[in-house]
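What follows is a single structure, written as structure tokens, with notes after it.
The values are calculated or read from the model by the stated rules, or taken from the named source; none is laboratory data. Keep in mind that what you see is a predicted model, and the values were worked out from it rather than measured. A quick note on method: Cβ atoms are made from the backbone with ideal geometry, for glycine too, and the neighbour counts reach across all protein chains shown.
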Amino acid sequence: MTLFMVTSSASNDRAIIEENQAKALLTYNIAKFTVWPPESAPSDAPFTFSLSENEAMAKAFQVIEGQQVNGRTVKVSRDIKERLFVDSEVLIISKHQLQAFVIAKDELYHSPILTVTADPEIFDAGAMVLIEVVDDRLSFSVNLGRVKASGLEISGNLLRHAQEVKF
């Protein structure tokens, strides 16, 4: 007897949405365990996550909209222009933005903006956090040197769960 497995488009779409939502929630939790310098933004300003991803990723990040980080309400923005340097606390950098990141990274290095990517090449180019699926599990790596250089601090309790911490 031969068994054929047919994967429907709907189940693939659901898996992608679930993976993207998991990445959004992990990014949100990393932000909750990160300390920004007090002077980086007024306490009544929204806590902004900026991304220029595909529609599926943007939809996934809606799950965190309205939540709280450091007593501030989360706002998800898709207003990234040609340049990556934006007025936000967390910047999600997609694969197609590698060149823009390379151009903007010197400016980003001196700003309290947590840079997050799902692309290992962008992480190697200097992003602070890499979120990826490893052995069917969502994991993250942290470039701690980059985090500290920008004036941010990530909780040691969170770092214990990282796949890799670069110093």
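Some notes on this structure:
- A residue that is in contact with a strand residue (DSSP E or B) (Cβ under 8 Å, 6 or more places away or on another chain), surrounded by fewer than 16 Cβ atoms within 10 Å (Cβ to Cβ), assigned to a strand (DSSP E or B) and in contact (Cβ under 8 Å) with a residue 60 or more places away in the chain occurs somewhere in the range 117-134.
- In the range 88-101, the residue that is surrounded by the fewest Cβ atoms within 10 Å (Cβ to Cβ) out of those that are of a type in the set (A, V, I, L, M) and over 21 Å from residue 148 (Cβ atoms) is 98.
- Residue that is modelled with the highest pLDDT, among those in the range 139-161 that are hydroxyl-bearing (Ser, Thr, Tyr) and buried (at least 17 other Cβ atoms within 10 Å of the Cβ): 141
- The one condition in (1) crowded, with 16+ Cβ neighbours inside 10 Å; (2) part of a helix (DSSP H, G or I); (3) free of Cβ contacts under 8 Å to residues at least 40 places away in the same chain that residue 108 fails to fulfil: (3)
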